[in-house]
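Novice: Below is one structure. I have some questions about it.
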């Protein structure tokens, strides 16, 4: 049974996204995405092209040739206020929810509604990766005497060296109980010119389930809920109760 964590009225989430990767039918035309774009144009009226560029370098004896291929990878649709983004690409589908974040139910329902349009219109051959990613700006109150007051895995400087920290980057990949589910956890701080009241530390949690055999469509909702449980576990195990209090 999944552990129950509190709902934070002032959650530090800057972006949440659902990402579903799949293999499309052979001969698929990228302009077919416009059919979906027309169906969601009321809620997502801003259309942008997603482009790609591939460069291939061939070395033959003392000569080399460079070949560049450019093309369209898909289309991006944005809501009028810019808080919701839909990406329809040749390798899959992504739904982005930017600030202000409301709740998981909104992210889940909005993403699955459009995914169903993607699936029905495009008919992917196989779904091989499902991911949920949450990017948090912890905004730790200044001044900070000890990162350990706020982070359960704080950055540390070897004893005997100056203990000030100007910048840090920490990244680990951890498995869940299900070995096919993993999480990439990133903590990072990059200095800004004016840091007065809060220190912007990023906690990026990317949880995903990957299988080359593919997922059944009817399992996607249950998988997303399981990924969310793992994401919540990581978030609340990464910060201290003192920091949790600032988001309540």
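The values are calculated or read from the model by the stated rules, or taken from the named source; none is laboratory data. Everything quoted here is computed from the prediction, not taken from an experiment. As a convention, Cβ positions derive from the backbone with ideal geometry for all residues, glycine included, and neighbour counts pool all protein chains shown.
Novice: Restricting attention to segment 200-224, which residues are in contact (Cβ under 8 Å) with a residue 40 or more places away in the chain, in a helix (DSSP H, G or I) and within 15 Å of residue 180 (Cα to Cα)?
Specialist: 220, 223, 224
Novice: Regarding residue 34, is this residue in contact with a strand residue (DSSP E or B) (Cβ under 9 Å, 6 or more places away or on another chain) and in a helix (DSSP H, G or I)? So that I can check it myself, show each step before the final result.
Specialist: Details: in contact with a strand residue (DSSP E or B) (Cβ under 9 Å, 6 or more places away or on another chain): yes; in a helix (DSSP H, G or I): yes.
Criteria met by residue 34.
Novice: State all residues of segment 30-54 that are over 15 Å from residue 113 (Cα atoms) and either without any contact (Cβ under 8 Å) to a residue 40 or more places away in the chain or surrounded by fewer than 10 Cβ atoms within 10 Å (Cβ to Cβ) (or both); if no residue qualifies, say none.
Specialist: Residues satisfying the conditions are 31, 45, 46, 47, 48, 49, 50, 51, 52, 53, 54.
Novice: Looking at (1) outside any strand (DSSP E or B); (2) free of Cβ contacts under 8 Å to residues at least 60 places away in the same chain, which is the only condition residue 121 fails?
Specialist: In the conditions (1) outside any strand (DSSP E or B); (2) free of Cβ contacts under 8 Å to residues at least 60 places away in the same chain, residue 121 misses (2) alone.
Novice: Looking only at segment 142-188, which residues are closer than 14 Å to residue 208 by Cα, in a loop (DSSP other than H, G, I, E, B) and free of Cβ contacts under 8 Å to residues at least 12 places away in the same chain?
Specialist: 177, 179
Novice: Hey, another quick one. Residues to consider are 96, 103, 139; find the one that is under 19 Å from residue 13 (Cα atoms), within 21 Å of the chain's Cα centre (by Cα) and modelled with pLDDT under 95. Before you say what the answer is, go through the steps one by one.
Specialist: On the way: 96 fails: modelled with pLDDT under 95; 103 fails: modelled with pLDDT under 95.
Unique residue meeting the criteria: 139.
Novice: Right, another one. Got a number for residues in segment 101-133 being closer than 21 Å to residue 182 by Cβ and crowded, with 17+ Cβ neighbours inside 10 Å? Give the steps one after another, and end with the answer.
Specialist: Quick first cut of segment 101-133, residues closer than 21 Å to residue 182 by Cβ only: 104, 107-108, 111, 126-133.
If we keep only those that are crowded, with 17+ Cβ neighbours inside 10 Å too, we end up with 104, 107-108, 111, 127-133.
The total comes to 11.
Novice: For residue 75, indicate whether it is under 21 Å from residue 233 (Cα atoms), touching a residue at least 12 places away in the same chain (Cβ under 8 Å), assigned to a strand (DSSP E or B) and touching a strand residue (DSSP E or B) at 6+ places or on another chain (Cβ under 8 Å).
Specialist: Working: under 21 Å from residue 233 (Cα atoms): no; touching a residue at least 12 places away in the same chain (Cβ under 8 Å): yes; assigned to a strand (DSSP E or B): yes; touching a strand residue (DSSP E or B) at 6+ places or on another chain (Cβ under 8 Å): yes.
No, not satisfied.
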